[in-house]
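Data block below; observations after.
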Amino acid sequence: MSDTVQQNKDISDKIIKKGVSGVPHKHINVACIGNPNCGKTTLFNALTGSKLKVANWPGVTVERFEGHASYEDTEITLIDTPGIYSLTSYSIEEKVTRQCAMDDDIDVIINVVDASSLERNLYLTLQLLELGKPMVLALNMMDIVQERGMEIDIHRLPEMLGDTPVVPVSAAKRTGLGILLHAVIHHYEEGTEEYILDYPPFIEDKIAKLSVMMQAHYPSHSSVRWHAIKLLEDDEEVKREHPISVTNVADKSYEKEIIQSKYTYIESIVKEVLFHKSQKAAATDKIDRLLTHPFWGVPVFLLIMCLVFFLTFTVGDALKGVFEAGLGFVSDGASAVLEELHVAGWLQSLIVEGIIAGVGGILTFVPNIFILFLALGILEDSGYMARVAYVMDSIMGKVGLSGKAFLPMILGFGCTVPAIMATRALETERDRRKTMLVTPFMSCSARLPVYVLFSDMFFPEHPALTAFSLYVAGMVIAILAALISNRLEKGKENDSLLIELPEYKRPNPRTIRIYVWNKLKDYLSKAGTTIFVASIVIWLVLNFGMSGMVDDPAESFGAVIGRVLVPVLAPAGLGMWQIVVALLSGISAKEVVVSSFAVLFGVANANSEAGMAAIVQNIHSLNPGFGPLNAYCLMLFCLLYVPCVATVATVKKESGSWGFTFKMICFQLILAWAVSTLVFQVGSLFV
């Protein structure tokens, strides 16, 4: 096996390069299908050069993605699909994969199998084989199999799967890729015979009768046997698409008997092809005794997240000096150049106090954002995040949410937009909408600059702990909101979560690099687009009033708008028109709240010590009573009020309802005001 696992990497790379340098004149469509967490997306990225997000927990891919590769004279369109355990579909992501597998445009299926968990993966393999399409088995993670001292007989395995080609690969180490493409093309050109798994005679008799009926009603249909089997399983989707009366053939659902037959055969496969399986308790099991403990699991998760924020502040703040110096150099240099060119005063103000202060102030938070995503990327790729969902399952069920709901909620720590899209993994529209309602309460990376700025300004002794408390507050409020919603609907506890807990593994540096870079790129692209435009708009509303351009911002349009809403926010300790303007601007993107303060108070670098001191001094000159409690309520309001425009648009798209989207916005505004007001009023009694 050692020779097989170390598949001639140089030759593999040469095969792919040969395809790239050639002139393809044929084209085929290939679908990558496999269980969650089998390395499917990593393999897709390795074959196509794409940079999709990869994480060591289920539910990452929520729709199909396409990429391209070449081999000799053939152009290949590869399609990455959501991970599924079987072709029985319930959730949106399962339906996407099933539809892709059955699509007549798909010429070949690459069934990606986690070789280290062969028994679990083969159930889907047998179902895919019954579709009758050309299929190649990509035996992934063979390096892990070797590390554990196991062996897989890759000569006997194809024989037991109807001579299906089996190619050992390691997507993470990029070995065996060229051989895999060769097998795909060769198997496509050669064609395939229908794979037939022998079921008990009474099942085979019913399959034969239903196959005849299918053939009679749909003479040109492909996958007749597979559809006959699904009719026996009482599959709702197949019954709806192919309404054939099965009363005289099947008096009940035979799904259990069919599943049992498959697993019986899988056991025989494993006995014949898998050797030296370790009998010792895996390291994963030992670690999970603590990390998935019914009681200690949640405290451990909170401690880990607390450590993440400690690193985000300590290491991030240590690095931000370089960015501060760079911003100061750019700001001073721009001022000098503009003065030298005798540029009009208003244009100098727009460039230096508006654009550079607004956009530049956001860029100084890059070190903090980098450390946060580096830590989250390591946690995801190591396999820990799946444990968090498992630990939170019982809590989620008690508040009326599906256990799967915590997966998109965790994604919300990065960005709320993909988190909302990840609700497609939930099986019912009710669960999807409830999860969309509470997911924005997870503190996305856009809120981090707000937490960093105000924690450093008003809680200098414990900034990391202050920011961490807001992340915890978001989770607690999300759970309480779901509980209240469930009680109002008179709902009940949801079913428990069925989730694969992947074995812990050493995080892949390439995967982490792609993950962190994509997040930083998104953050920087916001600085160059949304925040750039928002900074200009804020400068305009603060420098123009009814009489034209004004010297005093208190006479500007911004002040007029802010003062209208000041009475509403005053009970929450936010009774300043400058805060109102900053919060309104934050609807475009939460980072804009920080850039707004920089523009509002004319500070070139809000994240520097001098900048923070200037903002605090300006706030106190306008409102001497504004202190740590007010600042905390401001951060709470930023946590809970309307998410960014991109998130609102995504909610509308995913829910398909403007009515639901409007209700969500109103709910979040009311909740933000109520919680902030409660904290301020109660806190004022003790401060």
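Observations on the structure shown:
- Picking from residues in the stretch 424-464 that are over 22 Å from the mean Cα position of the chain (by Cα) and outside any helix (DSSP H, G or I), the one that is surrounded by the fewest Cβ atoms within 10 Å (Cβ to Cβ) is Glu461.
- Some residue of the stretch 593-601 being on the phi < 0 side of the Ramachandran plot and surrounded by fewer than 24 Cβ atoms within 10 Å (Cβ to Cβ): yes
- Selection status of Phe406, open to solvent by less than 20 Å² (accessible area, probe 1.4 Å), more than 27 Å from Ser585 (Cβ to Cβ), part of a helix (DSSP H, G or I) and among the hydrophobic types (A, V, I, L, M, F, W, C): yes
- Some residue of the stretch 576-583 being outside any helix (DSSP H, G or I) and either of a type outside the set (Phe, Trp, Tyr) or under 22 Å from Leu448 (Cα atoms) (or both): yes
- Selection within the stretch 636-655 - small (Gly, Ala, Ser) and modelled with pLDDT of 85 or more: Ala649, Ser655
- Yes/no for Val112 being under 24 Å from the mean Cα position of the chain (by Cα), touching a residue at least 60 places away in the same chain (Cβ under 8 Å), outside any loop (DSSP other than H, G, I, E, B) and buried (at least 19 other Cβ atoms within 10 Å of the Cβ): yes
- Yes/no for Gly545 being farther than 27 Å from Arg447 by Cβ, at pLDDT 75 or above and surrounded by 18 or more Cβ atoms within 10 Å (Cβ to Cβ): yes
- Entry remark, the stretch 586-639: residues being farther than 21 Å from Gly333 by Cα and touching an Asp or Glu at 6+ places or on another chain (Cβ under 9 Å) number 1 in total.
- The residues on offer are Gly528, Gly586, and the sole one that is open to solvent by less than 30 Å² (accessible area, probe 1.4 Å) and not aliphatic (A, V, I, L, M) is Gly586.
- Residue satisfying all of: in the stretch 19-44; open to solvent by 10 Å² or more (accessible area, probe 1.4 Å) and closer than 16 Å to His186 by Cα; modelled with the lowest pLDDT among these: Pro24
- Residues of the stretch 534-581 satisfying the condition of being closer than 17 Å to Gln348 by Cα and in contact with a Ser or Thr (Cβ under 8 Å, 6 or more places away or on another chain): Ser535, Val537, Ile538, Trp539, Val541, Leu542, Asn543, Phe544, Val550
- Tabulated pairs, the stretch 546-575, first over 19 Å from Asn623 (Cα atoms), second open to solvent by 90 Å² or more (accessible area, probe 1.4 Å), C-beta under 9 angstrom, 6+ apart or interchain: Met546/Glu555; Ser547/Glu555; Met549/Trp346; Phe557/Met546
- Checking the stated criteria, Leu565 turns out not to satisfy the condition of being open to solvent by 30 Å² or more (accessible area, probe 1.4 Å) and within 30 Å of Gly383 (Cβ to Cβ).
- Selection status of Lys209, in a helix (DSSP H, G or I) and either touching a Ser or Thr at 6+ places or on another chain (Cβ under 8 Å) or surrounded by 13 or more Cβ atoms within 10 Å (Cβ to Cβ) (or both): yes
- Only a single criterion out of (1) surrounded by 13 or more Cβ atoms within 10 Å (Cβ to Cβ); (2) modelled with pLDDT of 75 or more is not satisfied by Phe323, namely (2).
- Criterion violated by Ile266 - all others in (1) buried (at least 19 other Cβ atoms within 10 Å of the Cβ); (2) part of a loop (DSSP other than H, G, I, E, B); (3) hydrophobic (A, V, I, L, M, F, W, C) satisfied: (2)
- Filtered by the rule that a residue be free of Cβ contacts under 8 Å to residues at least 60 places away in the same chain and surrounded by fewer than 16 Cβ atoms within 10 Å (Cβ to Cβ), the stretch 212-223 gives Val212, Gln215, Ala216, His217, Tyr218, Pro219, Ser220, His221.
- Matching residues in the stretch 179-206 - criterion: being open to solvent by 50 Å² or more (accessible area, probe 1.4 Å), part of a helix (DSSP H, G or I) and farther than 16 Å from Ile258 by Cβ: Ile179, His182, His186, Tyr188, Glu189, Glu190
- Lys51 open to solvent by 30 Å² or more (accessible area, probe 1.4 Å), assigned to a helix (DSSP H, G or I) and either at pLDDT 85 or above or within 25 Å of Met385 (Cβ to Cβ) (or both): no
- Verdict on Glu236 being exposed (fewer than 13 other Cβ atoms within 10 Å of the Cβ), at pLDDT below 85 and touching a Gly at 6+ places or on another chain (Cβ under 9 Å): no
- Just one residue in the set Leu574, Leu565, Leu583, Leu542 is among the hydrophobic types (A, V, I, L, M, F, W, C) and farther than 29 Å from Thr416 by Cα; that residue is Leu542.
- Hey, Ile395 open to solvent by less than 10 Å² (accessible area, probe 1.4 Å) and either touching a Ser or Thr at 6+ places or on another chain (Cβ under 9 Å) or within 27 Å of Thr466 (Cβ to Cβ) (or both) or not: no
- The lone exception for Thr88 - which of (1) among the polar types (S, T, N, Q); (2) surrounded by 21 or more Cβ atoms within 10 Å (Cβ to Cβ); (3) in a loop (DSSP other than H, G, I, E, B) it fails: (2)
- One residue alone among Pro643, Pro624 is over 24 Å from Leu524 (Cβ atoms) and either touching a residue at least 24 places away in the same chain (Cβ under 8 Å) or not hydrophobic (A, V, I, L, M, F, W, C) (or both), and that residue is Pro624.
- Selection of the stretch 584-606 for residues being β-branched (Val, Ile, Thr), under 15 Å from Val537 (Cβ atoms) and in a loop (DSSP other than H, G, I, E, B) yields only Ile587.
- In the stretch 628-677, of all residues being among the aliphatic types (A, V, I, L, M), open to solvent by less than 20 Å² (accessible area, probe 1.4 Å) and within 26 Å of the chain's Cα centre (by Cα), the one that is nearest to Val450 (Cα to Cα) corresponds to Met635.
- Residue tally, condition modelled with pLDDT under 75 and open to solvent by 40 Å² or more (accessible area, probe 1.4 Å), over the stretch 326-343: 2
- Residues of the stretch 149-178 that turn out to be open to solvent by less than 30 Å² (accessible area, probe 1.4 Å), assigned to a helix (DSSP H, G or I) and within 30 Å of Ala228 (Cβ to Cβ), as a count: 3
- Candidates in the stretch 486-502 are the residues that are surrounded by fewer than 21 Cβ atoms within 10 Å (Cβ to Cβ) and under 25 Å from the mean Cα position of the chain (by Cα); of these, the one that is modelled with the highest pLDDT is Leu501.
The values are calculated or read from the model by the stated rules, or taken from the named source; none is laboratory data. The model shown is predicted, which means the values in this text are computed figures rather than measured ones. Don't worry about glycine lacking a Cβ; one is built from the backbone with ideal geometry, like all the others, and counts go over all protein chains shown. Remember, those area values only see protein heavy atoms, side chains included, never the ligands or the DNA or RNA. Shrake-Rupley method; radii C 1.70, N 1.55, O 1.52, S 1.80 Å.
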